[in-house]
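The values are calculated or read from the model by the stated rules, or taken from the named source; none is laboratory data. The structure presented is a predicted model; accordingly, all values stated were derived computationally and were not measured. No Cβ is skipped: glycine too gets one built from the backbone with ideal geometry, and neighbour counts run over all protein chains shown. We work out accessible area using only protein heavy atoms, side chains counted, and drop any ligands, DNA or RNA first. Shrake-Rupley method; radii C 1.70, N 1.55, O 1.52, S 1.80 Å.
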Amino acid sequence: MSLYNTIRNTIVPIHKEGYVFIAAFFVASLVLGWFFKPLFWIGLILTLWCAYFFRDPERMTPQDEDLVISPADGKVSSVVMITPPAELNLGFEPMLRISIFMNVFNCHVNRAPMRGRISNIAYRKGNFLNAELDKASDENERNGMVIDTVRGQIGVVQIAGFVARRILCFAQPNEPIEAGERIGLIRFGSRLDVFLPAGFSPRVTLGQTAIAGETVIAEFGSLKGPTTSRRD
């Protein structure tokens, strides 16, 4: 392998949505450094963090219509049975909800958890509470979508957090979507909820680290019960 390919495979791409922020951080560093040199180095560190935040690495996604893949990088913060948001029109019966909390150091590019067709997208204004709180699912600003899959309709909800003030959704209604395909991005620090119908069992536990587009978070039709874990 050539040196060029080695470097190319090592450097993680940056999502285009981050270019303007990275440029703004760098210009601010130059301006502040003009007045007080140590501020330039502080600004440069923040610029590097901004570039790291908007990284968009390639992922290898399992292709199996019985598997639900994590839509976000982060920590599994909730695995419960709960009624889905009304705007998704998924009914009033409790569904399995798996929540992934993203802090400011996680990759924030969101991905589709299953293959299917997007039948509904609904945006709702709200508060900006800490996204790790359970009540953030009801009270925070959010963008939800419904994906029709061979295993039924599932809901995916992007939730803004205390720092996050902008939810971006790349998907459109009636579009086909592949598992692992990029569907959106949230700035800065947020949460993803996945709502699953009967027949799915969780394959992650609270506190587990999930990787968008790679980690299996639930499975359909398995005779296994919910997973358990222990910490040494």
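Checking the structure you have, find out if any residue of the range 55-64 is within 17 Å of Ser190 (Cβ to Cβ) and modelled with pLDDT under 85. So far as the range 55-64 goes, yes, one or more of its residues are within 17 Å of Ser190 (Cβ to Cβ) and modelled with pLDDT under 85. Of the residues making up the range 65-80, those that are open to solvent by 40 Å² or more (accessible area, probe 1.4 Å) and assigned to a strand (DSSP E or B) are Lys75, Val79, Val80. Residue count for the range 200-213 under the criterion of being open to solvent by 40 Å² or more (accessible area, probe 1.4 Å) and in contact with a Gly (Cβ under 8 Å, 6 or more places away or on another chain): the result is 1.
Within the range 122-137, restricting attention to residues that are under 17 Å from Phe195 (Cβ atoms) and open to solvent by 50 Å² or more (accessible area, probe 1.4 Å), the residue that is modelled with the highest pLDDT is Tyr123. Need pairs with beta-carbon distance below 6 Å; first residue of a type in the set (D, E, K, R) and within the range 101-129, second open to solvent by 70 Å² or more (accessible area, probe 1.4 Å); sequence gap 6+ or separate chains. So the pair list comes out as Arg111/Arg182; Arg115/Glu178; Arg117/Pro176.
Looking only at the range 88-111, residues that are in contact with a Phe, Trp or Tyr (Cβ under 6 Å, 6 or more places away or on another chain) and under 16 Å from Arg191 (Cβ atoms) come to 2 in all. Given the criteria on the phi < 0 side of the Ramachandran plot and open to solvent by 20 Å² or more (accessible area, probe 1.4 Å), does Asn110 qualify? No: the conditions fail for Asn110. Hey, can you tell me all the residues within the range 24-56 that are surrounded by fewer than 15 Cβ atoms within 10 Å (Cβ to Cβ) and assigned to a loop (DSSP other than H, G, I, E, B)? The one that is surrounded by fewer than 15 Cβ atoms within 10 Å (Cβ to Cβ) and assigned to a loop (DSSP other than H, G, I, E, B): Phe36. Of Ser119, Ser99, all but one fail to be surrounded by fewer than 21 Cβ atoms within 10 Å (Cβ to Cβ), part of a strand (DSSP E or B) and among the polar types (S, T, N, Q); the exception is Ser119. The lone criterion from (1) in contact with a Gly (Cβ under 7 Å, 6 or more places away or on another chain); (2) in contact (Cβ under 8 Å) with a residue 12 or more places away in the chain; (3) not β-branched (Val, Ile, Thr) left unmet by Phe40 is number (2).
The number of residues in the range 160-197 that are open to solvent by less than 20 Å² (accessible area, probe 1.4 Å) and modelled with pLDDT of 90 or more comes to 9.
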